[in-house]
Each structure stands twice: as C-alpha cells, then as structure tokens.
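Only one structure is covered here, and it is reproduced in the block below.
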Amino acid sequence: MPVDNPHDDDPFIGLTFQYQPILGADGARLLAYETLVRRSRRDGTIDGPDVLLPVLTGPDWISAFTRLSLEFALARLDAEPYLPALSVNLSPRQMELDVVGEVISRAPVSIRRRLMIELTEDPIVDHPGVANMLHGLAVLGVRVFLDDVTLCSAMRLSTLRRAVHGLKLDRSLVGEFSATKLSDEARALIDMADDSGLLLVAEGIEDAKLLPRLAARGIPFFQGFALGEPWTEPKVARRRIVSPGNVALLPEPELLRSLSRPISKLN
C-alpha cells in the first residue's frame, strides 16, 4: 500500500536503528543507549527522523513501527544482560496504542526494568490517554523520560512530572545552563527536578569542556557527539503485507546473530 514517502513507497526498506550513549560527565557511568531510527536509501543517502517519523507514525505504519521498535529493544536487552538500559522514543499517539502495553507486558520483569521510554512532551496535553499509559508503565517497571524539554515547557508539566522519572533537556538549553550565571528560569527548572526527584539529561553536547560546569549545576548525565557517535544496527526487519493497511514485521534471519555484537562495548 503506497504511503506518503518522498523517497520510496516502503519506509521499512533500509530501516536501521542506531545507538547513542547517555553518559555521566566522567564518561564512565553509562545510563543507557538511546535508540535512533535511520533509513539507508538505495542511492546511499540517509533519511533521518525528520523524514522518517511522519511516515512511520502515520496511520498506515504506526502500529507496526511501534511494535518493531519495542520488540527489537527488548530482544537486545535480553541478549545483553550487562547492558544497563535502552531507551525508545515514542510519541503520545504511539503511547496510546494497545500494542505498547501488549509488547512490554510480555517481557520478563528483569528486562522491562531496563527499558526506558522517551516521550515527546509538547503535544501531551492533547492526548489524555497518555496519563493512564504512564501509570501502566510505572506498574510494569518501565522508566519514562520527557524528551526535548525547554524552559517554557518544563513549567507546564506540574502534574505530569509526577508520573515520569526524568527530563531530557533540549539542546537549546546547553548554552543556558553553561552560562556564567544561571537565569531565574533555569534555576527554577533545576529546583523543580530536584524537588520531584527527576533525573536530568542534557542533549546535544558537542563540547566536552562544558560537562564539569553542567554537572556542577545538577545535571548528571549527557548525550551528544562529544561523548559518542551513534552506532548502526546492520539489519532490522523485513515486512509482509497481510492485507491492505495490515502490516506484519518479521525479524530478519540475521537479527539474533546481529545481537551478538554488544553495543555496550563501544565505549
């Protein structure tokens, strides 16, 4: 079934997952690897999330893509018991799908406790079902972080922040928090996180020299090219059309063998 994709009718052809570490300032403490989606096109170019996600989270593919993302992460965690955690990005619309609870609840407790969900926070107010799913994930032992948090959006999350475990600060805040003097808004965000017991992660770190100052201001974990580049999973899945609009994703035969390459040994 054709989809609104500017490059190909099948967004799963060439789909790969990349993994980028989330580390402490000393580079020794590994919180998790974030799972990033990319797609290699036939001409050798790479599609990033700005091109992929509007298609993969559209009505034709959202359920299949969400299932694939979660099942692949859980398979990776099962294959690597020493890996502390993997995070998977889900939109509020994805969080409302029954497949989220279905897939996660099937995993053993020891595995799902090492799964992290990064929830895009801006449109959450338009998705009332997300609050129920957050409660359900907490019962299952899954940690949830709000992604791309800004100074403005953080102050609007007075109720939701009680249901999550951490905040991933938008890359636009790196300069704000590394400035010689913190603004009142930046200090309020740090105080709010501290009072709520929320873990802070600063994204988009491109200069490792900023880490000591950011850490001194209460941000314990960081992500960005200064700490580690993403590594690409070689093969993800092939698809089978069951009927128009009904897509089943089947693991490639090489999937489990590809898991034998431990991502946690990349550092």
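All of the numbers you see were taken from the coordinates with simple rules; none came from a lab. These figures come from a predicted structure and were not determined experimentally. Cβ atoms come from the backbone with ideal geometry, glycine included; neighbour counts cover every protein chain shown.
Label points 7 Å out from Cα along the Cβ direction at A131 and R41: separation in nm?
4.3 nm
Test of understanding: ordering T180, T66, T150 by Cβ neighbours within 10 Å, fewest first, what list do you get? If you can, show how the numbers build up before the last one.
Working: T180 5, T66 22, T150 17.
Listing T180, T66, T150 from fewest to most nearby Cβ atoms yields T180, T150, T66.
Hey, fewest Cβ within 10 Å first, where do E102, E203, E176 land in order? Working shown, then result.
Details: E102 11, E203 22, E176 16.
Going from least to most buried by this count: E102, E176, E203.
Rounded if a/c is under 1.5, else prolate if a/b is larger than b/c, else oblate: which is region 170-235, with a ≥ b ≥ c the root eigenvalues of its Cα gyration tensor? Could you put the intermediate results ahead of the total?
Numbers: a/c = 2.62, a/b = 1.69, b/c = 1.55.
Cα axes put region 170-235 in the prolate bin.
Report the label-to-label distance for R217 and R187 in nanometres (one decimal), using points 7 Å from each Cα along the Cα→Cβ vector.
Computed distance between label sites R217 and R187 equals 1.2 nm.
Any idea how far apart V139 and R29 come out in nm if each label point goes 7 Å out from Cα toward Cβ?
Using points 7 Å along Cα→Cβ, the separation is 3.2 nm.
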